[in-house]
Each structure stands twice: as C-alpha cells, then as structure tokens.
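The next block holds one structure in the form of structure tokens; read it before the comments.
The values are calculated or read from the model by the stated rules, or taken from the named source; none is laboratory data. All figures in this text were calculated on a predicted structure; none of them were measured in a lab. Glycine also receives a Cβ, built like all others from the backbone with ideal geometry; neighbour counts cover every protein chain displayed. Calculation scope for accessible area: heavy atoms of the full protein, side chains included, ligands and nucleic acids excluded. Shrake-Rupley method; radii C 1.70, N 1.55, O 1.52, S 1.80 Å.
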2 protein chains.
Amino acid sequence: MQKPRSEPPLSRERIVATAVELLDAQGVDGLTMRRLADRLGSGVMSLYWHVDNKEDVFDLALDSVLEYGGPPQLVEPRDWRGEVVHMLEDWRASMLRHPWSASLLPRRALGANILSRLELLSKTLSRAGVADADLNVAIWSLWNYVMGATISRANFDLSDDGRADTQQRLTGLSERYPTIERSRLLLDNDWDGAFRKGLGFLLDGLSPRQ
Amino acid sequence: MQKPRSEPPLSRERIVATAVELLDAQGVDGLTMRRLADRLGSGVMSLYWHVDNKEDVFDLALDSVLEYGGPPQLVEPRDWRGEVVHMLEDWRASMLRHPWSASLLPRRALGANILSRLELLSKTLSRAGVADADLNVAIWSLWNYVMGATISRANFDLSDDGRADTQQRLTGLSERYPTIERSRLLLDNDWDGAFRKGLGFLLDGLSPRQ
DNA sequence: AGTCGCATGGTACGTCGTACGAGTCAATCG
DNA sequence: CGATTGACTCGTACGACGTACCATGCGACT
C-alpha cells in the first residue's frame, strides 16, 4: 500500500510555480500559506523547509515572472531603439499577464531578473551613444515610465469591474473635471497604443542630440 | 465625576488623520484597526460607524495625502512648463513624505485629489498647445513617469536600511552586472536631480513641435 | 543496528478584520 | 412628562491568518 502517488515531491520551484498560479487566480490577498499547501497537496509547515516565509514567496513569485528571453533575431543588432522598445514592451506584457505583480513590485527589492533587464538597458543605451552623464537619468526615466504605465494599467484592470462602473462614476463627476471628461482620458481604451506612443516621445527626448 | 475629557469625539477626519500618523510611523503593515482605535482612545468597533472597513481607511488616508494647493503666485501664468513641473514635483514630494502611499497607490481607485491633479494637468497641457490627438498620451506619460519615479524611490528608501546593505549586495553582483556597476546606477543618490532631468527630457519629447 | 541529514506535517499561539447585538445619551414627539 | 427614536460607542466572539515548536519518517552511511 503506497501513497496515491499523486504529488511529486515539494521543491522551491514547484512552490513558486504554484504560488504564481494561485496569484493569477485569486490575486494578492488570495495567496495564503494554507491555500498554497492545499494546492500542493502538502502540509502547511512543509513549505517552510523550502521557503523562509510568506514574503519570500512573494519575492520569488515576482522575480519568476519577470524573466526576459532577449530580443528576437529579427531585430537588426544596430537598432538600439528597437531593442529597447522590445524589451520594455515585453516587460510590460509580462507584468500585465500577472496583474498582481504590479501591486507587489513597489514593496519588493530588486530581484535578479530585474537587474538583468536594467543591465541590458544600460548596455544598449550606452552603445547607442547616450552620454555617460545622461545614462543613469535615461535608464531611470525609461524604467519609471514602464513601471508607472504598467501599474496604472493593471490598477485599472482591477478596479474597473466591467467598465460600466467607471462610466457611471465619471458622468457623475464630469462637471467637476471637464477637461478629463472632454478628452475621455479615463475611457480611452487604447492602452497599448498610448504606451508605445509615449515611449516614443520619451525616447525622442532622450536620444543623443545630433 | 466626568470622563478625563481627554479625547474629542470620533469623526471620519480624526480617524483618517490618525491613520496617516500611524502609517507614517509604522508603515503599511503597522496599521491595524486595533492600533488605530488605541491611538484614538476608542473601542475598535466604534471605528466601523464612521468607516466601512479597513480598505476604506486606506483609500481615505491615501487621498488625504495627495491634496494639491496649486502653483505659487510667482509662476508666470503663461509658463506652462513651470506649472507642470511644479505640480508634478509637489506630487512626488507629497508621496515621498509618506512612503507608504507609493505602495498603496497601485491597488486603489482614483480618489478625488488624484482626479483634480489629472484635470489640472490636462488643462495646462491643453492650453499649452499640445495637439488633442496627443493629449491623452502626454498626460499618461507624465503621470506614469511620476508614479514610476516615486514608487522606485520610495521602494529604495524602504529596502535600503542604511545603504551598506545595497553596497554589499552590489559588489557581490558586480561581475554579473558590469554596466550597472560601472555607472553606479544603484548607488547614485541624486534622486531629485535625476527626477527633474528626466522630466525635462520627457517634456522635450512631448513639446509641441515647431 | 545505530546514527544522521533531509524532509514532512500536526498542534498551538498570538494577531488580525469584523459580524452581532447590547449599551449610552440627547433630541423629538405624544 | 414618559416613550420613542436615532446617532453613536464598544465588549464579545468567530474564523482565518502566519508561523514557532516539536515529533515523525526515511534513505544513506558507519
């Protein structure tokens, strides 16, 4: 008589993967150690052999979601703008696939995958001829832009339940915020286009002057 | 024999103000309904008469910290760039005075004070001659930049306890992230300067073309 | 056979958010 | 004047949480 052979043994990787599943399904508040253990078919305290504490799980889950595969071969290696845009759009897409990551990131330290992306960004801009004095500013500006855009967007996804809500809240406020209303700022759904266009403007500003 | 006359009556305002104090002192996880009630000299459940639940407290505290007094009289009314910069720097400063706000913002809906700032931004850019088609993109780009910059900065404040930590972690990683190391990206402390400079680049990119 | 590491998980403690309902007190009404 | 009402306060209690502590099982090595 052996165990139902249902579950492979616990491991850090399996825990993290399952945590990501749970976060995707239930959001930040939906992840509890008990639920996580349930899904893994293990006892709660067994997790603590592989993981320091719940914060650790958050850190690992977040970093695991931010891996970058690198630019596609299609891109000309000299096309620094294309490389930067590709990496940043991939970054944003990764986070939007897991909206909880946006609300988690502000409280967590920089994981390995974030540092890799920053390193790549740094190298690319440097090769593109951005002056050393401007390099850090450029990197932070791009990073900030992506972070802000992603967080705003993810936030809207969460707080809108089906748009009708916002629609209503806004018409109630339209006389107090006329310009917002007129420009339909909060109803414009073309997030991807806006992201790309704004990124373009930012890169325009950052480009080495001729 | 009367009560020690120590505490004024409960009110929504007093609750929010005390919540902000507590958040300032103890951070996001330091705010509990019990501690809040203690500080107010009241019973825990009394809070629930004035406030829906803990989430509500977070929302109110956040919005209360983001009020904007408007630009100083010194600024030429035609100086749209100055106005925008002033408002955005004030925004950033307000949030950095209360670092918990940065980690709270990503999960909350837009409060009245945030909408006011967006409205002001919108109006100013519109008057400055930004094309209608670019207006939303411009607003979001600026908002995103400020959000990202502030969140990153607040996060560093929290996670660095005294810098020595980061210093050490980084020297361990210097061979893996050479460009970051070389540019001293994570050790450069001139956050304010970087913010202003990056904002300048962004505004350059957004400025109406001549 | 005995020992030792890795790995698992049951029990229990302290803390949390908050539902429920009983209590106080001033203003209002018959 | 007593009765009623509404605004407000709060003690108790419940279920869920993170995790400290400790007992147990298991394969490898002596």
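The residue pairs whose first member lies in the stretch B:127-138 and is more than 8 Å from chain A (Cβ to nearest Cβ) and at negative phi, whose second member is of a type outside the set (G, A, S) and surrounded by 18 or more Cβ atoms within 10 Å (Cβ to Cβ), and whose beta carbons are closer than 6 Å, counting only pairs six or more residues apart or on different chains, are B:A128/B:W80. Taken together, B:W91, B:W100, B:W49 contain a single residue that is aromatic (F, W, Y) and in contact (Cβ under 8 Å) with a residue 60 or more places away in the chain, which is B:W100.
Considering only residues that are within 13 Å of DNA strand D (Cβ to nearest atom) and part of a helix (DSSP H, G or I), look in the stretch B:45-71 and name the one that is nearest to B:R117 (Cα to Cα). Here the answer is B:K54. Going residue by residue through the stretch B:119-141, is there one that turns out to be within 13 Å of the chain's Cα centre (by Cα) and modelled with pLDDT of 90 or more? No: zero hits. Screening the candidates B:D52, B:D59 for the property of being within 16 Å of DNA strand C (Cβ to nearest atom) and crowded, with 16+ Cβ neighbours inside 10 Å yields one hit, B:D59. Considering the stretch A:78-100, the residues that are more than 22 Å from A:G198 (Cα to Cα) and in contact with a helix residue (DSSP H, G or I) (Cβ under 8 Å, 6 or more places away or on another chain) include one that is least open to solvent (accessible area, probe 1.4 Å), namely A:W100. Go through the residues of the stretch B:190-200 one by one and say whether even a single one is surrounded by 17 or more Cβ atoms within 10 Å (Cβ to Cβ), modelled with pLDDT under 80 and assigned by TED's automatic domain parsing to the domain that holds B:L104. No, the stretch B:190-200 has no match at all. Taking the stretch A:104-127 as the range and being aliphatic (A, V, I, L, M) and assigned to a helix (DSSP H, G or I) as the test, the residues that pass are A:L104, A:L105, A:A112, A:I114, A:L115, A:L118, A:L120, A:L121, A:L125.
Considering only the stretch A:62-76, I want to know if a residue exists there that is under 30 Å from A:L125 (Cα atoms), surrounded by 14 or more Cβ atoms within 10 Å (Cβ to Cβ) and touching a Leu at 6+ places or on another chain (Cβ under 6 Å). The answer is yes, given that some residue of the stretch A:62-76 is under 30 Å from A:L125 (Cα atoms), surrounded by 14 or more Cβ atoms within 10 Å (Cβ to Cβ) and touching a Leu at 6+ places or on another chain (Cβ under 6 Å). Candidates are the residues of the stretch A:8-44 that are within 8 Å of DNA strand D (Cβ to nearest atom) and not in a helix (DSSP H, G or I); the one that is least open to solvent (accessible area, probe 1.4 Å) is A:L31.
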